[in-house]
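Scroll down for the structure; my scribbles are underneath it.
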Amino acid sequence: MIRSPKSALFHPVPLACGAIALALGGAACLEAQAADPPAAQAAAATAPVTAATASAGKLDVLFMVDDSSSMDGMQKKLADQIPAFINGLQSLPNGLPDIHIAVVSSDMGAPGDSTSSLGGCTDFGDQGIFRGGVSLQSGTGGASGKGGTGGSPDGGAGGAVGPCSGLSAGQTFLSNSGGVANYTGDLGSVLQCMVGLGEQGCGFEQQLSSVARALGADGAPMPVQNAGFLRPDAELAIVFLTNEDDCSAPSNTALYSLEVGGSNQQNISNALGPIGNYRCNSYGHLCVDPAAGGAACLIEPPLHPPADAQGTGDALTLNLTDCESADGTGLESSVSGFVSGIRALKSDPASQIVVGAIVAPATPYTVTWVPAQSGENTLSGELWPEVEHSCGAAGMDDVNPTAQLSVAGDDSFGDPAVRLTQFVNAFGANGVTASVCDASYASVLQNLVTKIGANLSGGAGTAGDTGTGGTGAAPPICAGGLNSGPSGSPGTGGSAGGPDGGLHQGFGCDVGAARPSGLALGLLLGLLVLTWRRRAAAR
């Protein structure tokens, strides 16, 4: 968490060359797909554990765990419910599915001219590579970055503990197929350790980008370290745990930079405002200001207090409603692009994809302005905007007065998850959300087990993937409702990419990726003999 104060080109190929390429590449592709993936090869060398049954169907589960500062307690609440989640899967009518489970972080870096000043951030982050078997759940915090906590980028926390015991060396995800596993001991215990990623990740969380990159749903192949996880005939379940909304942006974004126009410094005169989480709100959301009067229209959360802001002096607030992702207008990647990319991974996404998100409620949504802290050349009385937490503990700073309150002793809190909620809702009845401030995550995980079971082999199925929308057309964008982008011009965001931008389908075979072997050469020889015979018969 980073608070501010607070065409592919088509080249025709001659027929003979195409046939030879097909024989060579096609055979190599068949062999590559027939061979066991790395995880399965390693699994064969380990002792059998609780058996997955073939009749139970196949299931790939991806946990996206926010590893930015302040997440330790919420990671532990998730870990507490992992044994019950696994027991629920084992208790399905046909038993434990043939299962793969992976964990990925929210850290995709924060590329820009100020990366070194952003606590926990690098240019690239984890790039969607599975965090297999490494626990960072305890340790000491890092020093605050430029601006300090509540002023600008804050430092990460948590020191590396080391590999989780149980997962076989070299493995990046858990696999239990046909009663053979690539881990030893209890599945739930190993996964409990794996979801404890700690608090050292970048405070500009890019949850959707991380998931898309991990699965190869962004138009590029998945990381080689993740190979073998995603199976085309398996149900896919994605589970998010985070207390911030998604701030995914294209790699060439100006969102994380200071030299973007205006003052080019860490103050309110910067063209994008001070670097902090509010940039993710201001250039990723569109909302209605119900107190503005006139017909309802959408604005980006403003940098400066508008005339209808409530309160006086340095205690100004603005309540916003009907917030949605600023697809097509903001600096962030579009939620709709991520939805399309994930759906394209499956031939029948309505029955093959289940999504759950443990996030902060999308409402209430209130912007507040507070005195600048640790900025550069700030003016006397300068106020910086931030969004109040939509859930949190009573008496905690920045918690909305109407927010869901955490139970006593629970320091969980979170900001309105507008984009993530919109993503989950796009999967209709197969989407589940719960509050990160709930005392326990047992209910949401059990709900996910139920939906997973309904879509596995022999399940009744649920009417998923139809999405949910509003009751009518979205309001138009207000005149002057967009904040100025770099150099004073309106910012435009990139898309999440996806299979519709090229040939990548998420589980295809790269003809050039495998070396032709005996089977390939045999097919080539057969093709040449057939061609020779046809020519001889024609003479």
Of the conditions (1) touching a strand residue (DSSP E or B) at 6+ places or on another chain (Cβ under 7 Å); (2) crowded, with 21+ Cβ neighbours inside 10 Å; (3) of a type in the set (Gly, Ala, Ser), Ala434 fails just one. Which one is it?
(2)
Looking only at region 410-440, and only at residues there that are over 19 Å from the mean Cα position of the chain (by Cα) and among the hydroxyl-bearing types (Ser, Thr, Tyr), the one that is farthest from Gly57 (Cα to Cα):
Ser412
Determine whether Ser440 is closer than 22 Å to Gln206 by Cβ, part of a loop (DSSP other than H, G, I, E, B) and touching a helix residue (DSSP H, G or I) at 6+ places or on another chain (Cβ under 8 Å).
no
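Yes or no, residue by residue, for (1) part of a helix (DSSP H, G or I); (2) closer than 23 Å to Phe130 by Cα; (3) modelled with pLDDT of 95 or more; (4) in contact with a Pro (Cβ under 6 Å, 6 or more places away or on another chain):
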| residue | (1), (2), (3), (4) |
| --- | --- |
| Ile2 | no, no, no, yes |
| Gly26 | yes, no, no, no |
| Gln33 | yes, yes, no, no |
| Pro48 | no, no, no, no |
| Asp80 | yes, yes, yes, no |
| Pro83 | yes, yes, yes, no |
| Asn94 | no, no, no, no |
| Asp107 | no, yes, yes, no |
Note: among Phe240, Phe229, just one is within 24 Å of Ile86 (Cβ to Cβ), modelled with pLDDT of 95 or more and assigned to a loop (DSSP other than H, G, I, E, B), namely Phe229
For the condition part of a helix (DSSP H, G or I) and either at pLDDT 95 or above or of a type outside the set (Asp, Glu) (or both), what is the one hit in Ala217, Ala212?
Ala212
Given (1) of a type outside the set (Gly, Ala, Ser); (2) under 30 Å from Ala234 (Cα atoms); (3) not in a strand (DSSP E or B), index of the condition Pro361 fails
(2)
I'm trying to understand the selection: among the residues of region 282-323, which are out of contact with any His (no Cβ under 7 Å at 6 or more places or on another chain), under 22 Å from Leu272 (Cα atoms) and either among the polar types (S, T, N, Q) or not in a loop (DSSP other than H, G, I, E, B) (or both)?
Ser282, His285, Leu286, Cys287, Val288, Leu298, Ile299, Leu316, Thr317, Leu318, Asn319, Leu320
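The values are calculated or read from the model by the stated rules, or taken from the named source; none is laboratory data. Small disclaimer: the values here were computed from a predicted structure and weren't measured. Neighbour counts run over all protein chains shown; Cβ positions are idealised from the backbone, glycine included.
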